[in-house]
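Note sheet for the following structure.
The values are calculated or read from the model by the stated rules, or taken from the named source; none is laboratory data. No experiment lies behind these values; they were computed from the predicted model shown. Using ideal geometry, Cβ is built from the backbone for each residue, glycine included, and neighbour counts are taken over all protein chains shown.
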């Protein structure tokens, strides 16, 4: 009797573990997820920017000891103001933008009769 219960329990565990790996949530291919990874800071300091980078201030933004290289593109934004303190350098060819408002975008997707996405358009909100 105990042997039968033990065998049945082992068999049930075997089935549970074998089939649990094959069950998974399937998401349609045309699903688009949008994540916002923005965060704000109060001070941005002692950095060298050599790629495209945007720094957002919570209320104000204090920047010091920053160098933008010849291939760097730095955008500084804050609701109130941006202050540059101390050493700050933009090497010739580098780009610095301060308090440039980001334009909201509208994404339009077009689908064929089978539900396949055939076109994606991006338009700035005026």
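Evaluating residue 64 against the criteria (1) at pLDDT 90 or above; (2) within 22 Å of the chain's Cα centre (by Cα); (3) surrounded by 11 or more Cβ atoms within 10 Å (Cβ to Cβ) leaves one unmet condition, (2). The residue of segment 90-114 that is surrounded by the most Cβ atoms within 10 Å (Cβ to Cβ), among those that are assigned to a loop (DSSP other than H, G, I, E, B) and at pLDDT below 80, is 99. Take the conditions (1) surrounded by 13 or more Cβ atoms within 10 Å (Cβ to Cβ); (2) modelled with pLDDT of 90 or more; residue 52 misses just one of them, which is (1).
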